[in-house]
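A.B. asks: Right, I'll just put the structure down here and ask away after.
No value in this document is a laboratory result; all are computed from the given coordinates. As the structure is a prediction and not an experimental result, all values here were calculated from the model.
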Amino acid sequence: MTEHRPTGRLATITGRLRRPGAAGASVAAAPEQGGRPVTPAARAAANAAASPRSAAQRPIVPSATVTARALIAVIAIMTFLAGITIGAVSAVSNVATEWTADIARETTIEIKPGDGLDVEAALAKAVEVAQGTPGVASARALDPAATAKLLEPWLGTGLDLANLPVPRLVAVSLESNANAQTLEALRAGLTLQVPSASLDDHRLWAERLSTTAHTAMAIGLAVLALVAVATVLCVAVATRAAVDAARFVVEVLHFVGARDTFIVSEFQRHFLTVGLKGAAIGGGAAVALFFLGSTLPGWLSLDRQIDTLVGALTIDARGYGGIVGVAVLVALVTTLTSSATVYRTLRGIS
């Protein structure tokens, strides 16, 4: 009977394997492939192709490699940056919401001194008009000391306001059901009864605060997009390097009939583990940073929390959930990117 032998590239690859009937079939006797030394990973995968039992014990992609550890570190850094961005956006959003709510609940009546104007009487009348307006919870006139306190950051302490035309203020607190009609009624009443008074509804400040918050959120989303792109590129490069390192192994499995899904699943499992490790490290570090920022001052008995430009460095449960979600997303992006890269590589093997 004529013995049929494999020909072409398949013969070159499978020729390095011992015959299936030989005991302990392996590629230990094959020192080179294509003029290059056979790597331990190649021997392991070729043995796995010859022995199903060995395939379950030796993965195609080794996990304890310098490349894997470096990729874990890169993913951890990317996840940490993404988590910090999510936390910062959440903190800014919370502070902006609080400030907007405070501004919406308060308004100010301003009375400018003028010739022949009885400022104290005008103040009293303005308070009376405000308290009689539906939707107003309370109104009180600020005394000269309180007014001087407001001006201290700009004019310093010990300032005598008696000879300065400083406006007097009435702080008005609105009820929770107050609306635009409340402010219009208050403005109309002041116009009729206290012509020297003007109402400041803080609308300009609310608009500026809203614009600042939306700008911060847009910057945060842009940073997240850059982190995502950088993560995809790093994982793609690492996957290509892993496939190239195990190319002989992949070719053996490919030509002996292993399905692409089997080969891809081996790489996918490896990079999923790498992605989860890196994401857990980076996400945990981001959570720890914000948690310590909000609790450490209390543990150290400090008078106040660590403040940033927008307020206390604290986030709520949604912020922590966002960090965890970003960590999971990074792990999934790592897995999907590696799978797509391996599929493209396998299509190039003929």
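A.B. asks: Under Stokes-Einstein, with the Kirkwood radius over Cα pairs standing in for Rh, what whole-number D in µm²/s applies to segment 77-228 at 10 °C and 1.306 mPa s?
C.D. replies: Translational D for this selection: 88 µm²/s.
A.B. asks: Starting from 0.36 nm per residue, how many nanometres of slack lie between residue 259 and residue 329 once their C-alpha separation is accounted for?
C.D. replies: 22.4 nm
A.B. asks: Which of the lysines could a cross-linker span from residue 149 if the Cα-Cα distance has to be under 28 Å and same-chain partners fewer than 8 positions apart are dropped?
C.D. replies: Output for residue 149: 112, 125.
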